[in-house]
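The values are calculated or read from the model by the stated rules, or taken from the named source; none is laboratory data. Values in this document were obtained by computation on a predicted structure and should not be read as measured data. Cβ coordinates were reconstructed from backbone atoms using ideal geometry, including for glycine residues, and neighbour counts include every protein chain displayed.
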Amino acid sequence: MGKKTVDVRAVSTASPEAIMALLTDGASWPSWSGHDRFELNEPAPEGAPGGQEGLGAVRTFHRGRVASKERVVELIPARKLSYELISGLPLAGYHADVELTPQPDGGTEIHWSSSFTPKRPGTGWLYARALTIFIKRAATNLAAKAAAEPAPTG
């Protein structure tokens with residue numbers, strides 16, 4: 001049962017700020033991520049980067065009968081959002097980073113990577129494949145959604 005990784009990239013014409021605005025707005029996720037529903041379990045501490053869904057927030061994303069509860073563990077505005085799985089999938093040590101890199105010609109590269117160890121022997125390849133497909137679709141849809149949204153202000 002070795003550690004598995006997922007590594008996907010997408011490019012958006014949107015700014016890093018526009019993409020981060022969607023990443024830190026769980027209510028937007030069902031419109032681009034493939035999740036059906038979202039709930040904020042614990043808001044981030046007052047004054048934390050990213051507002052109430054920023055650093056320290058606990059959020060649950062539902063897809064069918066699966067409810068993945070995650071904690072935001074790092075947030076660098078307009079640069080990086082990292083989260084860890086608390087419950088919902090039979091994976092240990094799940095950690096994901098969504099890194100945003102401005103492009104020289106405008107726009108942003110989205111680099112979404114994650115790593116985990118499967119709790120059930122022999123299932124790592126299956127979860128890696130399923131998560132690669134899911135995250136690739138989410139990153140691509142995030143790129144398109146951010147490009148279609150009005151630019152954030154302030």
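Going through (1) touching a residue at least 60 places away in the same chain (Cβ under 8 Å); (2) out of contact with any strand residue (DSSP E or B) (no Cβ under 8 Å at 6 or more places or on another chain); (3) under 22 Å from Glu53 (Cβ atoms) one by one, Ala139 falls short only on (2). Of the residues contained in the range 73-95, none is found to be among the β-branched types (Val, Ile, Thr) and under 18 Å from Trp32 (Cα atoms).
In a residue-by-residue description of the range 123-138, the property of being within 24 Å of Lys3 (Cβ to Cβ), of a type outside the set (A, V, I, L, M), assigned to a loop (DSSP other than H, G, I, E, B) and at pLDDT below 95 applies to at least one position. Screening Gly93 with (1) at positive phi; (2) outside any strand (DSSP E or B) gives one miss only, at (2). Just to verify a result, which residue in the range 108-127, among those that are surrounded by 18 or more Cβ atoms within 10 Å (Cβ to Cβ) and among the hydrophobic types (A, V, I, L, M, F, W, C), is nearest to Pro43 (Cα to Cα)? It comes out as Trp112. Restricting the first member to the range 76-90 and to residues that are more than 16 Å from Ser114 (Cα to Cα), and the second to residues that are not in a strand (DSSP E or B), the beta-carbon pairs closer than 6 Å and six or more apart or on different chains are Pro77/Pro49; Ala78/Pro16; Ala78/Glu17; Ala78/Met20.
Please verify whether the range 41-64 includes one or more residues that are part of a strand (DSSP E or B) and either β-branched (Val, Ile, Thr) or on the phi > 0 side of the Ramachandran plot (or both). Within the range 41-64, one or more residues are part of a strand (DSSP E or B) and either β-branched (Val, Ile, Thr) or on the phi > 0 side of the Ramachandran plot (or both). The residue that is surrounded by the most Cβ atoms within 10 Å (Cβ to Cβ), among those in the range 91-107 that are in contact (Cβ under 8 Å) with a residue 24 or more places away in the chain, closer than 24 Å to Lys145 by Cα and out of contact with any Asp or Glu (no Cβ under 9 Å at 6 or more places or on another chain), is Val98.
Check Glu53 against each of (1) in contact with a helix residue (DSSP H, G or I) (Cβ under 6 Å, 6 or more places away or on another chain); (2) closer than 28 Å to Arg120 by Cβ; (3) acidic (Asp, Glu) and name the one condition it does not meet. Of (1) in contact with a helix residue (DSSP H, G or I) (Cβ under 6 Å, 6 or more places away or on another chain); (2) closer than 28 Å to Arg120 by Cβ; (3) acidic (Asp, Glu), only one is false for Glu53: (2).
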